[in-house]
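The next block holds one structure in the form of structure tokens; read it before the comments.
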Amino acid sequence: MGAWFTREIVDGGRLRLLVFLLAFIAAFLFIRFSVHMIRRQVRWWPGNVTPGGQHIHHVVFGLVFMCVGGIGGLLASDSSSAGAAVLAGVFGVGTALVLDEFALVLHLNDVYWSEQGRVSVEAVFITMALCGLALLGLRPLGIGDAADEGA
């Protein structure tokens with residue numbers, strides 16, 4: 001298993017994508033769990049972030065994580081380093097937080113628990129599917145095909 005991981009993931013240049021996907025899935029599951037705990041008003045769960053009474057949606061934190069992970073990833077000199085993988089994970093967490101509230105951004109209204117809010121979950125599953133296909137070496141939507149033609 002270790003040799004396969006090194007050959008296919010690390011040497012294949014897919015480590016950042018794998019870390020992104022794992023962080024994305026973990027963050028999505030965590031935020032969904034958190035939102036359910038908040039909605040149920042579970043006393044031991046921390047609850048919403050509301051400085052000064054202003055509710056801060058998790059999309060805001062997602063944007064910050066995406067900026068840190070994305071800009072940091074662009075500045076990483078070695079794309080196969082552990083630092084680049086960590087930054088991909090930070091970007092994955094941010095992306096999950098943003099896509100979990102995709103419907104809110106799309107409708108400019110808090111539709112999280114409505115039928116319109118399902119588009120967020122659909123966006124998350126489409127993202128997971130595309131990342132999974134890319135990890136398998138497939139080129140969903142033709143991503144990366146132009147780079148292969150020049151080689």
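Read-outs: derived from the displayed coordinates by stated rules, not from any lab. Model, not experiment: these values are computed from the prediction. Ideal geometry is used to build each Cβ from the backbone, glycine not excepted, and the neighbour counts take in all protein chains shown.
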Go through 112-118, 125-131 and give me the packing order, highest mean Cβ count within 10 Å leading. 125-131, 112-118
So for the range 2-151, Kirkwood radius off the Cα pairs, Stokes-Einstein at 4 °C and 1.567 mPa s: how many µm² s⁻¹? 77
Using mean Cβ contacts within 10 Å as the protection proxy, how do 11-20, 132-141 order, highest first? 11-20, 132-141
Divide by every residue of the chain the summed helix terms, -39500 (n - 2.57) for each DSSP H run of at least 4, and state the resulting mean residue ellipticity at 222 nm, rounded to the nearest 500 deg cm²/dmol. -20000 deg cm²/dmol
Sort 80-92, 41-53 by packing, meaning the average of other beta carbons within 10 Å per residue, with the highest value first. 80-92, 41-53
